[in-house]
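The block underneath contains the structure these notes are about, expressed in structure tokens.
The values are calculated or read from the model by the stated rules, or taken from the named source; none is laboratory data. A quick note: this is a predicted structure, and the numbers were derived from the prediction, not measured. We place every Cβ from the backbone using ideal geometry, glycine too, and count neighbours over all the protein chains shown. Each accessible area value is taken on the protein alone, full model and side chains, heavy atoms only, with ligands, DNA and RNA left out. Shrake-Rupley method; radii C 1.70, N 1.55, O 1.52, S 1.80 Å.
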Amino acid sequence: MERSTERIIRVNLTQKTIMVESIDSTLMKQFIGGRGLGTKILYDEVDPKVDPLSPDNKLIFMAGPLTGSGAPCGSRYMVITKSPLTSAIACSNSGGHFPAELRSAGYLGIIVEGKAPTPVYLLIDDDTVHLRDATLLWKKTTHQTEDALRADIADAALARDVRIASIGPAGENLSRIACVINDKHRAAGRSGVGAVMGSKNLKAIAVRGTKKIAKHNNDTFTAAVRAATERLKAGPVTSQGLPKFGTAILVNIINECGILPTRNFQQSVFAGASKISGETLAETYLVRNKACYACPIACGRLTKVTSPETFKGEGEGPEYETVELLGAGCGIDDLAAITKANYLCNEFGLDTISAAGTVATAMELYEKGYLPYKDIGMDLRFGNAEALLSMIYDMAYRRGLGAVAADGGYVLAQTYGHPELFMGVKRQELPAYDPRGAQGMGLTYATSNRGACHVRGYLIANEILGVHEKLDPLTTQGKASAVKAIQELTAVFDASGLCLFASLAPGMGYDVVRDMLNGLTGFGYTSEDLRCCGERIWNIERLFNLKAGFTAADDTLPKRLLEEPLTQGGPKGMVCMLDKMLPEYYSLRGWDTQGVPSKEKLAELGLL
Amino acid sequence: MQKTITIELKLFMFLKKYLPAGATEGKARYEIEEGATIKDLLERLGIPIEEDKIIVINGISHKQSDKTNAIRLKQDDVVAIFPPIAGG
Ligand code: SF4
């Protein structure tokens, strides 16, 4: 099949117009797709100083060229916009089946502009694209929305086959920690992308695609896919650990290493860790594992809690970050309660990491006496599972303390006069690794373009887990270059449409991605070309943030992590020595001491 | 008589089957001769040396390697052994 240029849908909700545009192939080659192309479009079309919740902000859904192509783990898309949580670039990744379906309908992505006067949803059925009234879907949870949307479609086959991405009440209520949920259980979680969708009155996108994705060279593509699949099947993490135990398997090892964030990062070892581990999940609530589109790993967890009554439910997850932060992070060791909290977050469309971080902040404020009982009407002590569930409702519906907490931990801590108790970077809550015992991860957090994030340079793989080259977690030596390298590789995975977990198998690096991309696109990339694309993506994100008003002062960590030594575990006595890594990192990046890319670097990357 | 030391041993996931008799909840106090190395410990437990694994000794993680194998155990060391895992 002849390969033509990639196409995107541009929807203007104010003007009610829908256009299909083709993407310039030079741009495709430079930015690959997904995270790269979406960011480039946002950078070119949106003023970085725009109010994120105004109609002038754009919301970009972008898959990668490998998404839906049959490449193993080619299941991902990105939601890119200016974040209402951080005011930096937002770029949230999700898998499932919706992204591949969008590709099969013949599109790489969707650009959403403006604001609809009343709630709408976008229905895409191959070449037929239209906006439909979503008044009846409004106020529904993400699960109810999927069911009601199908019921709204007259054609039974279409109603059955569409894949859906939607927001829940949290997005409608413009919670700055709201996410977009697709396929009921998969979250484009971070940075409040759900609030931007809510601000546009866009409740959902439903898509059916029946086309095949054309390949530049079927034979070389198929051979490259086979080689990649073999690597995933041979890798112990991707063939055994993740399928059998899911990501929550990390709870025990991260705890053993003394970097398991506990009670809002006040401690780093949690006595109840084994009760909330992946092994315990497998023995208790796991029904079976589940895969995203074309994924041989299948790390997803289909779970069901049957008792006690208050925690009853079924769904997917919890994943490691979720179980850790809703659990140890809030001092809770009741896996049924955590699993329920995870279900609620998905149904309401709240990011689990930020929701958990916000609750942990509230709990510390409360225990220290800064958050008076009369303001909340509940006992918010660490370990109180009922309080956790109640706060999740409140954040989704902006009730009670949720009126403030819906905007995340930073706004909450600031409102009650103690911003130092907020554990985040660029106003985004931290993931589930204490960087005092994994120094490079601290640099990753501080320099991530979307605020605190673990998937913008997962150095835990090297520092703790020994995937690929093992690095000493407690030293700062060599970390700047390791972080830079992993940031670029990650950007390439994210732009290609591959799940990052595929990179956890031995040998799954640039060469393998290059062969698949070349077979598909015919661009003839070298591995170094791809690394350059990764660097280009990193730098254009940085440029967006600089224009939005960010400075080097924002590349930092909470004071607790920089100044208060850990009191437990192997890394006892350590702080995160960010100041020993950051200058070297800037210099390796070709940035000045203020973190601004030099003219030469931008010229080299074609970004001038 | 050879002097011995006692360590705290924890095995996880697929490795639990190598736990000595009397272990509870994946843990055991384990006696081994003074001067024994990680390699000696793995051999004693029957854990295949050549397979990748992560060995956390007193809260610091090490990848399975010759260097790690040569580490000598001390009284009351806490040794936790995991198959290769990752995620996040
Ligand atoms: S590894 Fe997990 S998250 Fe990634 S594509 Fe496969 S099932 Fe989805």
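Some notes on this structure:
- Amide N proximity, the stretch A:318-333 versus B:Glu8 label position 7 Å along Cα-to-Cβ, cut-off under 20 Å: A:328, A:333
- This model, with +1 at the C-beta of Lys and Arg and -1 at the C-beta of Asp and Glu, gives chain A a dipole about its Cα centre of some 540 debye.
- Spin-label pair A:Leu302-A:Asp56: with each label point 7 Å from Cα along the Cα-Cβ axis, the two points sit 4.8 nm from one another.
- Two-site FRET efficiency, B:Val78 against A:Gln477, from Cβ-Cβ distance with R₀ of 30 Å, rounded to 0.05: 0.70
- When you work out D = kT/(6 pi eta Rh) for chain A at 20 °C and 1.002 mPa s, using the Kirkwood radius from C-alpha pairs as Rh and the Stokes-Einstein form, the result is 90 µm²/s.
- Estimated from helices alone, the mean residue ellipticity of the protein assembly as shown at 222 nm is -10000 deg cm²/dmol (sum of -39500 (n - 2.57) over DSSP H runs with n ≥ 4, per residue).
- Length released on extending from A:Arg132 to A:Leu588, taking residue separation times 0.36 nm less the Cα-Cα span: 159.2 nm
- Mean separation of Cα contacts under 8 Å (6+ apart) over length of chain A, as relative contact order %: 16
- Sites listed here are chymotrypsin sites (Phe, Trp or Tyr not before Pro) in the stretch A:369-400 whose DSSP assignment is loop and whose Cβ has at most 16 other Cβ atoms within 10 Å: A:Tyr370.
- A dipole drawn for the stretch A:247-429 from +1 and -1 charges on Cβ atoms has a positive end, and of A:Gly300, A:Ala328, A:Ile249 the residue lying farthest that way is A:Gly300.
- In the protein assembly as shown, a dipole from Cβ-located charges (positive for Lys and Arg, negative for Asp and Glu) runs towards its positive end, and of B:Thr6, A:Met28, B:Ala28 it is A:Met28 whose Cα lies farthest in that direction.
- Distance from the Cα centroid of the stretch A:280-337 to that of the stretch A:483-516 is 27 Å (rounded to whole angstrom).
- Excluding exposed DSSP-loop GluC sites (Glu not before Pro) (at most 16 other C-beta within 10 Å), longest clean stretch of chain B: B:52-88
- Net length gained if the chain between A:Lys29 and A:Asp147 were fully extended (0.36 nm per residue, minus Cα distance): 38.6 nm
- Extended-chain gain in nm, criterion 0.36 nm per residue less alpha-carbon gap, A:Thr222 and A:Glu314: 29.4 nm
- Between B:Lys17 and A:Leu608, the modelled label-to-label distance comes to 6.3 nm, taking each label 7 Å out from Cα in the direction of the beta carbon.
- Among A:Met395, A:Met19, the order of accessible area from largest down is A:Met19, A:Met395, computed with a 1.4 Å probe on protein heavy atoms.
- Entry note, the stretch A:247-429: relative contact order of 17 percent, from Cα contacts under 8 Å with a spacing of 6+ residues.
- Positive-end residue of A:Leu588, A:Leu561, A:Leu546, charge dipole of the stretch A:534-596 with Cβ unit charges: A:Leu561
- Accessible-area rank, largest first, for A:Lys479, A:Lys572: A:Lys572, A:Lys479, with all protein chains present and a 1.4 angstrom probe.
- The Cα atoms of the stretch A:7-208 cover 42, 37, 30 Å along the three principal axes, with the biggest extent listed first.
- Point-to-point label distance, A:Glu367-A:Glu386, nm (Cα→Cβ direction, 7 Å offset): 2.0
- Using a Förster distance of 45 Å, the FRET efficiency for A:Asp155-A:Thr284 (Cβ separation, nearest 0.05): 0.65
- To the nearest 10, the accessible area of B:Lys74 is 120 Å² with a 1.4 Å probe.
- If you take all other residues with their beta carbon under 14 Å from the beta carbon of A:Phe221, and give Lys and Arg +1 and Asp and Glu -1, the sum is +3.
- For a label point 7 Å along the Cα-to-beta-carbon line of A:Gln240, residues of the stretch A:268-289 with backbone N under 17 Å: A:279
- DSSP-defined antiparallel bridges as percent of all bridges, the stretch A:7-208, nearest 5: 75
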